[in-house]
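Working notes, structure below.
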Amino acid sequence: MQIYQPAEDSYLMSETLNKYLSKIKYKNIKILDMGSGSGIQAKTCRESGFNNILTADITAEAVKFLKFKGFNAIKSDLFSNINKKQKFNLIIFNPPYLPENKYDKEKDTTAGKKGYEIIVMSLKQAKSHLEKNGKILLLISSLSKPDIIRKQAKKFGYKIKLLNQTNLFFEKLFVYEFFL
Ligand SMILES: C[S@@+](CC[C@H](N)C(=O)[O-])C[C@H]1O[C@@H](n2cnc3c(N)ncnc32)[C@H](O)[C@@H]1O
């Protein structure tokens, strides 16, 4: 499996994150970069002076690469290998968000048959890994049924704020902040 190469979604998240972090004074907050891939989001954190970062990815290649880049990295299917007691002030996730089809079932791009299963699952699991006042920055595509994701998130008790969006040729990308 290839490591996901940064694309429009990565750049939208990174730009949003950069702005978001510039408003946070305390640099030692605990950050989790879920589905870190090439580490672009973790790198944005590091370049903004934030160093208390854990990166996680389901693919061994990405984890190896992240370690090589000097990041604390763990191979984990969402939160499965993350210590139950470990909590974060900020969780970043640019997830796979496309519906699976017979040509594409790759873990870096597809999020289940409907295109949102992994995203909804991540929000469910993240609840017990958020510090008080902790926040999640999550990217969603218009192709991943954002209405269903937002509805599920509200059921889990999250409040939701739209931070950024962009129009691509065949889809829209949104970055949301989720908090309890
Ligand atoms: C769209 S890519 C984003 C990569 C990188 N964060 C970026 O912004 O470019 C999604 C990443 O999530 C990882 N991933 C997919 N399913 C996962 C899961 N269940 N648990 C953890 N990581 C997962 C993929 O391997 C991939 O690196």
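The residues 121, 13, when put in order of fewest to most other Cβ atoms within 10 Å, stand as 121, 13. Loop-located trypsin sites (Lys or Arg not before Pro) in segment 24-99 (DSSP state not H, G, I, E or B) with no more than 12 neighbouring Cβ atoms inside 10 Å: 25, 27, 84, 85. Pairs exceeding a 19 Å alpha-carbon distance, out of 64/114; 25/135; 135/155; 124/159: 64/114. When exposed loop sites are taken as chymotrypsin sites (Phe, Trp or Tyr not before Pro) in a DSSP loop with at most 10 other Cβ atoms within 10 Å, the longest stretch of the chain clear of them is 27-102. The GNM of the chain, with springs linking C-alpha atoms under 10 angstrom apart, assigns the highest mean-square fluctuation among 14, 36, 80 to 80. In the chain, helical runs assigned H by DSSP with n ≥ 4 each contribute -39500 (n - 2.57); averaged across all residues and rounded to the nearest 500, the mean residue ellipticity at 222 nm is -8500 deg cm²/dmol.
Take every Cα pair under 8 Å whose residues are at least 6 apart in sequence, average their separation, divide by the length of the chain, and the relative contact order is 19 percent. Determine, for 140, 149, the number of other Cβ atoms within 10 Å of each Cβ, and report the residues in order from fewest to most. Fewest to most other Cβ atoms nearby, the residues stand as 149, 140.
Where a number appears in this text, it was derived from the coordinates with a stated rule and is not lab data. Just so it is clear, the model here is predicted, and its values are computed rather than measured. Here the Cβ is made from the backbone with ideal geometry for all residues, glycine too, and neighbour counts use every protein chain on show.
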